[in-house]
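Below is one structure, written out as C-alpha cells; the observations come after it.
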Amino acid sequence: MTIDSVDAEYIVFGLGKTGLSCAHFLSQRGVDFAVIDTRNEPPEYANLTKSFADVMVITGVTSPAVIGDCTYLVLSPGISRDHPVVVAALALWFEVSGDIGLFARHVQAPVIAVTGSNGKSTVVTMVSEILSGAGFDVRSGGNLGTPALNLLDNGEPDCYVLEVSSFQLESTESLAPVVACILNVSPDHMDRYSTMSSYLAAKMRIYKHADSVVLNADDGLLRELRPHCKIAHISSCAHGAAPYRIEQDDGDRWLVAAGERFMRTDELAVHGEHNWMNALAAVAITDKLSVPRALQERILAAFHGLTHRCQTIASKLGVEWIDDSKGTNVGATCAAIGGVFSGRQGVLIAGGQGKGADFNTLATIIDGRIHDVVLIGQDAGEIAATLDRHVDVHFALDMRSAVSTAGLLARPGEAVLLSPACASFDMFEDFAARGRAFADAVEEFSPP
C-alpha cells in the first residue's frame, strides 16, 4: 500500500545514526512521530523497525506532500535546509530543528561545544580526558561518537562536551554552551554550501548564546569577529598578544597560557603545529572550568592522538607511513602536510570525493615538501589538474596499488602520508575503512 503523507506530530527526516537516536529520544518521551528518508534502503531501517514496529516509515521520499499535518520536523545532519521537503515545512511554519536543537531544550548540565573545519574530534577528546582527570563526570559525543540525544540517558553528568558540525548548527537555535570553541574555518562541504559566507554563518551559530568563546586568532575568517561575550584567543605565534599562544625561545617552542609558558611542544605526545593549536584550545576551554595547569600538562603529555589522524602506522626501510584518513578536506590535509613534512620530504596519497573543494591551497603547500603525489578516487583527475604543475602526479586504481606506488617513490628518511583532502564514500564505507585499507596495504607492501 502506498502512503502519501504522514499522520504524526513529529517527523524525523533521515534514518542514519542520528535519525535513529532522534527516534529513540522521541519514543522515550511518548511523542507521536514518523520517519521519512529519501533513500529506498536507509542504513538504520532494520534497527528502527526492530525497535519500533508500529512507527510509520516512508522511504524513497520525493514529494513535499509527505509532511502532511505534522507540526515539527527533526532534520538529520545530512539533510540540507534547501531540500524541497524542508522548504515546504518552513513555508507552512512548521518548526524545523535538528538533534542538537532537541538536545539543547532538554539538557540541564553545562555544555562545552566545539566546531571547526578541522581538529574538532581531537579537541573534544583532549577536553574530555582533561576534565575526567580532574574528577568531572563527563559525557562526550555529538558529531563524534555517541549521538548527542543518547547522552541524555541515565541522569545528568557534571558536563557535556560536544563536537558540533556546520550541518548540525544550521538547525540549532537554543544551544547555550558555557564555552563555545571555533577552531578554524576553511573551505569544506562546498557541494552543500553555495558560498564560504554561508558555510561560515553556519559555524558562527555556535557562539550565539555562549557564555565564553575560544577563538583562533590566526584564522583570517575569524579574527575580526567580535561577538558579545568573553573571548579567549589562541594563536600559533606571539603576534597580537593572544593569551593562549605558541612562543619560540632558543630553538624551543612553548605553549603559553595567560601570559605564562607552561609546556614545551616537544613534551606533547602529538606532533605538528595544528596539534599544538589543538592543545592550546583544550587548555583555554578547561581553564574556564578552573582545571589545574599541572593536570592539563599531565593529560596532554600522555595524549597520543586519535586513530586515522596523523597516526604513524609503520616504518619500513627508513620510510615512515602515516595514516591521516580523517583528512577529508583541503584544510586538514594542508595542516597534516605542514606537520609531517617539517624538515623532510616525501609522498602524499590523496583523492576521493572532493565535495566541490578548491585544491589550489594544496598546490601551494606541497612545494618543497612533497615530490610525488599518488591519486585515487572519483576526483583524482580534478586534483591532478591543479597539482601537476607543482609535483609529479601518479594515478592508482585502489589503495593497494597506491601504497605500492608510493613505497617505490619514497626514499629513506622520508614519509608517505595518506591525507586524502576528500571524502571517502566513492570507494569506502567511511574514513575509518579507508584508513584500515591503507594500514593493510602498508603491512602487505614488500619493497623490492
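Since every read-out is calculated from the coordinates, none of them should be taken as a lab result. Here the structure is a predicted model, which means the values were calculated and not measured. Note that we place each Cβ from the backbone using ideal geometry, even for glycine, and neighbour counts take in every protein chain shown.
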Exceeding the 31 Å Cα-Cα cut-off - candidates LYS50/LYS355; LYS203/LYS316; LYS208/LYS326 | LYS50/LYS355; LYS203/LYS316
By the Kirkwood definition, with r running over pairs of different Cα atoms, the range 47-193 has a hydrodynamic radius in Å of 16.9 Å
Of all DSSP beta bridges with both partners in the range 311-444, the antiparallel percent, nearest 5, is 25 percent
By how many degrees, 0 to 90 and rounded to 10, does the Cα axis of helix 431-444 deviate from the longest principal axis of the chain?
-> 40 degrees
Classify the chain as rounded, prolate or oblate, taking a ≥ b ≥ c as the square roots of the eigenvalues of its Cα gyration tensor: rounded when a/c is under 1.5, otherwise prolate if a/b is larger than b/c and oblate if not.
-> oblate
P(r) tail for the range 311-444, what percent of Cα pairs lie past 20 Å?
-> 33 percent
For the range 10-93, alpha-carbon Rg and Dmax in angstrom | 11.8, 34
Can you quote the Å³ per residue value for the convex hull of the Cα atoms in the range 102-302, rounded to an integer?
-> 117 Å³
Among MET277, MET196, which comes first, then next, by fewest other beta-carbon atoms within 10 Å?
-> MET196, MET277
Between ASP266 and ASP398, Cβ-based FRET efficiency (R0 45 Å, step 0.05) works out to 0.75
Determine the gain in length on full extension of the stretch ASN154-LYS17; use 0.36 nm per residue of separation and subtract their C-alpha separation, reporting nm with one decimal.
-> 47.3 nm
Label-point gap, in nm, between THR49 and ALA176 - each point 7 angstrom along Cα→Cβ | 4.3 nm
Output row, site ASP430, 7 Å Cα→C-beta label point, backbone N cut-off 19 Å, window the range 139-160, residues 140-152
Taking Cα atoms, how many degrees apart are the long axis of helix 120-133 and the longest axis of the chain, rounded to 10 and kept between 0 and 90?
-> 90 degrees
Share antiparallel - DSSP beta bridges, the chain, percent rounded to 5 | 25 percent
List TRP276, TRP321, TRP93 from most exposed to least, where exposure is judged by having the fewest other Cβ atoms within 10 Å.
-> TRP93, TRP276, TRP321
How do PHE445, PHE341 rank when sorted from fewest to most other Cβ atoms within 10 Å of their own Cβ?
-> PHE445, PHE341
